[in-house]
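Undergrad: If you scroll down you'll find the structure; I have some questions about it.
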There are 2 protein chains.
Amino acid sequence: MELSPLQKARYEYRPKLPEMLKDDIGNIKAVEGRNTQSVSDQEEIEKLFPNTYGMKEVAFAKGENHAEKKRQVVGVILSGGQAPGGHNVVTGLYDALKKAGKDNVLLGFKNGPSGLLEDNFIEFDDKYIDCYRNTGGFDIIGSGRTKLETEEQFAVAAEVCKKHGITAIVIIGGDDSNTNAAVLAEYFAKMKTGVQVIGCPKTIDGDLKNDVIEISFGFDTACKTYSELIGNIERDANSAKKYWHFIKVMGRSASHIALECALETQPNVCLISEEVEEKKMSLSAIADQVASSVAARSAKGDNFGVVIIPEGLIEFVPEVKKLIGELNDLMAIKEKEFNALDVWEDKYAFMQKNLSSESFAVFSILPLDIEKQLLMDRDPHGNVQVSRIETEKLIISLVEAKLKKMKAEGKYNGKFSALNHFFGYEGRCAFPSNFDADYCYSLGYNAFMLISYGYTGYLSTITNLSKPATEWKAGGIPITKMMNMEQRHGAKKPVIRKALVELGGAPFRYFSERREKWAVETCYTFPGAIQYYGPASVCDITTKTLALEQEK
Amino acid sequence: MELSPLQKARYEYRPKLPEMLKDDIGNIKAVEGRNTQSVSDQEEIEKLFPNTYGMKEVAFAKGENHAEKKRQVVGVILSGGQAPGGHNVVTGLYDALKKAGKDNVLLGFKNGPSGLLEDNFIEFDDKYIDCYRNTGGFDIIGSGRTKLETEEQFAVAAEVCKKHGITAIVIIGGDDSNTNAAVLAEYFAKMKTGVQVIGCPKTIDGDLKNDVIEISFGFDTACKTYSELIGNIERDANSAKKYWHFIKVMGRSASHIALECALETQPNVCLISEEVEEKKMSLSAIADQVASSVAARSAKGDNFGVVIIPEGLIEFVPEVKKLIGELNDLMAIKEKEFNALDVWEDKYAFMQKNLSSESFAVFSILPLDIEKQLLMDRDPHGNVQVSRIETEKLIISLVEAKLKKMKAEGKYNGKFSALNHFFGYEGRCAFPSNFDADYCYSLGYNAFMLISYGYTGYLSTITNLSKPATEWKAGGIPITKMMNMEQRHGAKKPVIRKALVELGGAPFRYFSERREKWAVETCYTFPGAIQYYGPASVCDITTKTLALEQEK
């Protein structure tokens, strides 16, 4: 592999550890706190996790190590979408494990959870590990989306662990993967396999956070990468003064990324899915909001701007949800009749006849190509594929229509020329920022400490993250503490609650207090590329979201 | 304006100057070299530039300054598309001018060349200038695309200069803008206005280069920004192992950006427009090249990859050029007949009947939506709009068709799932890399030296750029030296020759010697984000293109 100069330089970076983990492993003690209970549905969840429910919180501190000494054979798994820093969780885990005992072994299961089921792994050594220190991507062992959730899978996993004398599994993943880690831990405990399970909180989406997880890893680097690009585009908009840029950013189920990017770059408009849902905003209301910024800026002679749109927006618009539901029901009942129609005009008339008048009104304001896509391009179950809609283009076309109307009414007299962008894959595998490199290394290192003290069903936690790394705190919490019961695929299941953007939270409030000014004036901020060297004020600060949340 | 931490830090950066410019302005002497002549069409060009043709090359060196002392009032103009570093040309010019005399004045004409015609400018002072040091964008005064090319415009410009006592104009622009700078210089000389004109070579496209310009500014930063993203996507592809990413990069008339990005990131395929034209490649041949990489990788179990496509590709495909020409001719003659056709099938049949069989064959392999777009979505003159074609999507659809055929023939048995990206606006306004910050500052500083020595119709040149800045050389060359006569809009005109990718040049040869390996194996390189601090090996190196060209 040909290495870039930055990659070579990053190999030399020494991630920062929290103070209590810096010492020799023999000088780290576990301090147990209070018993825990799940965030809600305590009885049901306790019943489902008889062996792993209610365990104590753990914090590490300087002091004599009182863990039972034994040889550890640990397996690690990367689960789900890539997030910057995943490699550092592995290298931190490896370093701690080798520090604790030269004969300890770290196995990496390949291509996600399926690697465990297929007994497909590599054994790490120094040489291999050193090629992945402080780098982006999950290519160290690959990732995958297989879910570990059935008893059959657990039995296979138990067998593979037994075969190799595995003492613990570390699962690096998002809310679903950590939920499954807890279920696996319970199974292993019930079956007295002696295999422990530890989770690590990963996702660029930032929706795996709660009282004990301040932020999932990868969010910092991904947002900084998108913000670099958005800032560059803002500067371009402000130089060329002729385009409105509509920028969609990843984040299907929560708008944390969009919000953080807005805090970093101060665009003219940023839409937040959670607000759209909460306020029951219609497509027309969304378009009004954008069009009014376009018109206000145009009145000042500024026919340019920047709009940030979260990837999942459209699925949060109540009237669109209703339309989608009706379309799916309709297709289930009258698919044959619909498919028999040849000409578009007939299909359109069919919709007018069969949809409720509210839903048809929504359908009819969609641009023609999106109408066609919704009806023609359905999934194998016949369902319309809302995720295929290019939301940024839809918003542009709705805004264009609004502006045309406003022009006719004499309320707007500008030029509107729009460009669209989507940033997602660009940020998932960036070299981790110093923050993510440090945080992830600490998470992995700390995961080993939890293993060595015999914990299972725990999440590795590093907290106090808005402070310098020396002040970070290391510990663990039972995964069941984060759980509640939710309806999933028709059944009630114990899951970690997804964290959406809170409209009462500090980050959204900071944004909403300023956005009226941003909508009219040019308040752009240009973050520039992630820096790994140089002043700490440039290189080591984390997201505005975290800073604002921790200020409270 | 809220400033990002990086922006604050970049204000403090002190750009590096070539050794001979570092000294006090009183210790910089001009050394004249040989008389010059244009690269071709010498007689014609001499006739067009009787007052500014054939002037001597100039180099600066340490020695007593022998320039005539006079108060300078300089106007500066940013022309055309943004390129990182433009602000530093202005700050370098400002610093030299103020160093030479406190009462010297720098005026910035707003929104491009039209600012000069409209007498619309600001006068710079320290406070204003300091807000733009080492930053991206052209927002310091804005840019514009008005061309200064008519005698009427020149007369207005002369009047504006006279009104404000302007002694020189600095035009920061690409090949066209510098051509026009030379024509303006000739006019000013002929009219004995006493106003000098100096050009500075700008364009991210990298196509303004020749014997005396090693590289235009902005190319370095823009390519590094795109390469950061391409590298991140490569790492994502290699982690997720399920997508082929088709990435279009800016560069309509030359493929320097695509080639440089390929050298930086080693993708599986990079198409080069100049090669497509030279080898008269058909769309089918292009699709074959990509499909054969897909198939070869798939045979190894790798159903993922990365392809780089230059923005202008399709206009270099000879058969497409021919088709476009025929379509335009056809529409000119039979537009009414065509427009009278209602149904798509009739329009298609009309094409079959009226196009040559070769061109119809090309037309018919285009995806349906592109066929429709070409015929329906024409410009005000009725011409088809080839620039509207989303080349990356076209290539994907042609490759899909190839693979389907190969599958039917048993030559391919993989999965092909493609995603597309376009990177352009993301790079034009990035914070300039150290290279571009230093280079641009030197260009501006040096432009003032040329002014103070009384030169006009010169381009500011900084050379030996593949070496550390201390070894750079500063000087100037008459713009007419770079000219030849070309057919433009039906008339023969003196212009600076655009530099296309040379298939015999070192950068392309380096690429072509390795691409067969890259097409099959995974040789990705991950450049990461531009670094402004840290080891010189990471922060101060410039493009591979320049390094390879200067090695020869």
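The values are calculated or read from the model by the stated rules, or taken from the named source; none is laboratory data. This one's a predicted model, so the numbers in the text were calculated from it and none came from an experiment. Cβ atoms come from the backbone with ideal geometry, glycine included; neighbour counts cover every protein chain shown. In case anyone asks, the SASA skips ligands and DNA or RNA and just uses the protein heavy atoms, side chains included. Shrake-Rupley method; radii C 1.70, N 1.55, O 1.52, S 1.80 Å.
Undergrad: Could you please give the count of residues in region A:418-446 that are over 16 Å from residue A:15 (Cα atoms), outside any strand (DSSP E or B) and open to solvent by less than 10 Å² (accessible area, probe 1.4 Å)?
TA: Number of matching residues: 5.
Undergrad: Right, another one. Search region A:332-368 for residues being in a loop (DSSP other than H, G, I, E, B) and under 34 Å from the mean Cα position of the chain (by Cα), and hand back the single one that is surrounded by the most Cβ atoms within 10 Å (Cβ to Cβ).
TA: A:366
Undergrad: Does residue B:166 satisfy the condition of being at pLDDT 95 or above, outside any helix (DSSP H, G or I) and under 29 Å from residue B:499 (Cα atoms)?
TA: no
Undergrad: Which condition number does residue A:178 fail, the rest of (1) within 25 Å of residue A:85 (Cβ to Cβ); (2) open to solvent by 10 Å² or more (accessible area, probe 1.4 Å); (3) touching a residue at least 24 places away in the same chain (Cβ under 8 Å); (4) not in a loop (DSSP other than H, G, I, E, B) being met?
TA: The single condition residue A:178 does not satisfy is (2).
Undergrad: Residue B:6 versus (1) surrounded by fewer than 18 Cβ atoms within 10 Å (Cβ to Cβ); (2) within 14 Å of another protein chain (Cβ to nearest Cβ); (3) modelled with pLDDT of 95 or more: which is the lone unmet condition?
TA: Tallying (1) surrounded by fewer than 18 Cβ atoms within 10 Å (Cβ to Cβ); (2) within 14 Å of another protein chain (Cβ to nearest Cβ); (3) modelled with pLDDT of 95 or more, residue B:6 fails exactly one: (1).
Undergrad: Right, another one. Report the residue count in region B:459-504 for those that are surrounded by 14 or more Cβ atoms within 10 Å (Cβ to Cβ), charged (D, E, K, R) and not in a helix (DSSP H, G or I).
TA: 5
Undergrad: Can I ask one more? Given the conditions (1) part of a helix (DSSP H, G or I); (2) on the phi > 0 side of the Ramachandran plot, report the number of the one that residue A:301 does not fulfil.
TA: (1)
Undergrad: Can you go through B:159, B:214 and tell me which one is more than 14 Å from every other protein chain (Cβ to nearest Cβ), at pLDDT 95 or above, open to solvent by 10 Å² or more (accessible area, probe 1.4 Å) and assigned to a helix (DSSP H, G or I)?
TA: So the residue among B:159, B:214 that is more than 14 Å from every other protein chain (Cβ to nearest Cβ), at pLDDT 95 or above, open to solvent by 10 Å² or more (accessible area, probe 1.4 Å) and assigned to a helix (DSSP H, G or I) is B:159.
Undergrad: Return the total of residues in region B:369-384 being without any contact (Cβ under 8 Å) to a residue 12 or more places away in the chain and either among the β-branched types (Val, Ile, Thr) or in a loop (DSSP other than H, G, I, E, B) (or both).
TA: Residues meeting the conditions: 4.
Undergrad: State whether one or more residues within region B:97-118 are in contact with a helix residue (DSSP H, G or I) (Cβ under 9 Å, 6 or more places away or on another chain), away from chain A (no Cβ under 14 Å) and modelled with pLDDT under 95.
TA: Checking region B:97-118: not a single residue is in contact with a helix residue (DSSP H, G or I) (Cβ under 9 Å, 6 or more places away or on another chain), away from chain A (no Cβ under 14 Å) and modelled with pLDDT under 95.
Undergrad: Note down all Cβ pairs under 9 Å where the first residue falls in region A:31-51 and is under 12 Å from residue A:484 (Cα atoms), the second is open to solvent by 40 Å² or more (accessible area, probe 1.4 Å) and part of a loop (DSSP other than H, G, I, E, B), and they're at least six residues apart or on different chains.
TA: What qualifies is A:39/A:210; A:39/A:211; A:39/A:497; A:40/A:497; A:45/A:37; A:46/A:37.
Undergrad: Taking the residues in region A:403-421 that are over 13 Å from residue A:307 (Cβ atoms) and in contact (Cβ under 8 Å) with a residue 12 or more places away in the chain as candidates, determine which candidate is nearest to the other protein chains (Cβ to nearest Cβ).
TA: Across region A:403-421, the extreme among qualifying residues is A:417.
Undergrad: Right, another one. Condition first: closer than 15 Å to residue B:245 by Cα and in a helix (DSSP H, G or I). Now tell me which residues in region B:385-404 satisfy that.
TA: Of everything in region B:385-404, those that are closer than 15 Å to residue B:245 by Cα and in a helix (DSSP H, G or I) turn out to be B:391, B:392, B:393, B:394, B:395, B:396, B:397, B:398, B:399, B:400.
Undergrad: In addition: When residues of region A:235-249 are filtered for being more than 8 Å from every other protein chain (Cβ to nearest Cβ) and modelled with pLDDT under 95, how many remain?
TA: Residues in region A:235-249 being more than 8 Å from every other protein chain (Cβ to nearest Cβ) and modelled with pLDDT under 95: 1 in total.
Undergrad: Scanning region A:505-523 for residues that are assigned to a loop (DSSP other than H, G, I, E, B) and over 25 Å from the mean Cα position of the chain (by Cα), which turns out surrounded by the most Cβ atoms within 10 Å (Cβ to Cβ)?
TA: A:522
Undergrad: Right, next: Name the pairs whose Cβ atoms lie under 9 Å apart, with the first residue in region A:119-130 and of a type in the set (S, T, N, Q), the second outside any loop (DSSP other than H, G, I, E, B), and 6 or more positions between them or separate chains?
TA: Final answer for the pair search is A:120/A:109; A:120/A:114.
Undergrad: Of the conditions (1) open to solvent by less than 50 Å² (accessible area, probe 1.4 Å); (2) more than 10 Å from every other protein chain (Cβ to nearest Cβ), residue A:544 fails just one. Which one is it?
TA: Unmet condition: (1).
Undergrad: If residue A:129 passes every condition in (1) in a loop (DSSP other than H, G, I, E, B); (2) closer than 22 Å to residue A:218 by Cα; (3) away from chain B (no Cβ under 13 Å) but one, which one does it miss?
TA: Condition not satisfied by residue A:129: (1).
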